[in-house]
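The values are calculated or read from the model by the stated rules, or taken from the named source; none is laboratory data. These numbers were taken from a predicted model, which means no experiment stands behind them. Here the Cβ is made from the backbone with ideal geometry for all residues, glycine too, and neighbour counts use every protein chain on show.
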Amino acid sequence: MAKINTKELLIDYVRTMLGEPVITVELTDKQIELIIDSVIEKFSEFAYDGQDIRYMVVPIFEGVKEYKIDSRIASIIELKVNSLSNSLNPVAAFSIPDGYTVSSQTSASSLSLADYETTLARYSKFDYMFDVSPAYTFNSNNSILTFHEDMSRHHQALIQVALEYEPGEVDGIFNHPWIKEMTLAKCRYQWGNNVGKYSGTLINGNTINYSDMKSEGQADIERLDEELLTRWSPPLGITVG
């Protein structure tokens with residue numbers, strides 16, 4: 001079987017596994033496409049194999065507790081500041097974009113990934129300078145980073161972020177076993193949900209029990225959700241002390 005490396009091939013795979021062309025799968029391509037997108041989004045949120053990890057060094061403005069950061073960031077994996085930031089300036093090469101002021105910071109302006117991203121090479125040189133983990137929360141829905149303590153002693157923060165995964169037109173993620181299985185399970189559930197009040201008749205006179213199809217899809221979804229957390233997600237860190 002050819003490698004599934006496009007969304008169109010994954011749609012064909014789903015239709016074939018659900019029984020086409022022997023039976024008509026009562027799902028539109030658009031429905032299957034939306035399911036694929038949601039499955040990849042969930043996988044990239046939880047799975048180390050589906051995350052696009054980047055590093056940012058961003059400025060901290062005196063008196064500002066809330067920061068709107070790049071909307072492509074799905075989660076903050078780690079955030080650190082340095083305890084001696086008044087005497088260290090490892091990000092002197094990073095310039096604040098024109099028009100970016102404390103007053104505009106709390107409005108529509110955002111800390112762009114393009115302006116503040118750092119490479120792994122640069123990250124490794126000054127990671128040791130950042131040794132304090134402040135109290136903060138991050139709301140991925142509005143991209144707001146909020147500090148919950150006094151940050152006046154700090155000039156910048158080092159942030160490890162996970163971006164929303166955006167598959168290319170040709171992309172190996174479409175062939176990932178979890179992506180294929182979860183897409184198939186959700187499509188089976190959606191098909192059963194679409195026509196669940198009917199009983200379909202096959203060519204040989206047998207019938208399709210859509211209620212059972214829906215239940216089977218739900219059981220597979222629950223199993224795969226557990227597998228995502230136990231097999232594909234990075235292990236939890238161990239805290240000592």
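Taking region 33-80, which residues are outside any strand (DSSP E or B) and closer than 22 Å to ASP127 by Cα?
TYR48, GLN51, ILE60, PHE61, ASP70
For a quick check of your reading: which strands (runs of 3 or more DSSP E) sit entirely within region 153-228 and have at least 1 residues that are over 30 Å from ASP115 (Cα atoms) and either modelled with pLDDT of 90 or more or more than 18 Å from the chain's Cα centre (by Cα) (or both)?
The qualifying strands (runs of 3 or more DSSP E) are 199-201, 207-209.
Taking the residues in region 141-165 that are polar (S, T, N, Q) and in contact with a helix residue (DSSP H, G or I) (Cβ under 9 Å, 6 or more places away or on another chain) as candidates, determine which candidate is nearest to LYS65 (Cα to Cα).
It comes out as GLN156.
State which residue is modelled with the highest pLDDT when the search covers only region 119-134 and only residues that are part of a loop (DSSP other than H, G, I, E, B), loosely packed, with under 14 Cβ neighbours inside 10 Å and not charged (D, E, K, R).
Selected residue: SER133.
Only one residue in ILE36, ILE4, ILE11 is free of Cβ contacts under 8 Å to residues at least 40 places away in the same chain and surrounded by 16 or more Cβ atoms within 10 Å (Cβ to Cβ), so which one is that?
Step by step, each of ILE36, ILE4, ILE11 is checked, and only ILE11 is free of Cβ contacts under 8 Å to residues at least 40 places away in the same chain and surrounded by 16 or more Cβ atoms within 10 Å (Cβ to Cβ).
Of the residues THR106, THR101, THR137, THR146, only one is modelled with pLDDT under 85 and within 27 Å of the chain's Cα centre (by Cα); which?
Just a single option satisfies the conditions, and that option is THR106.
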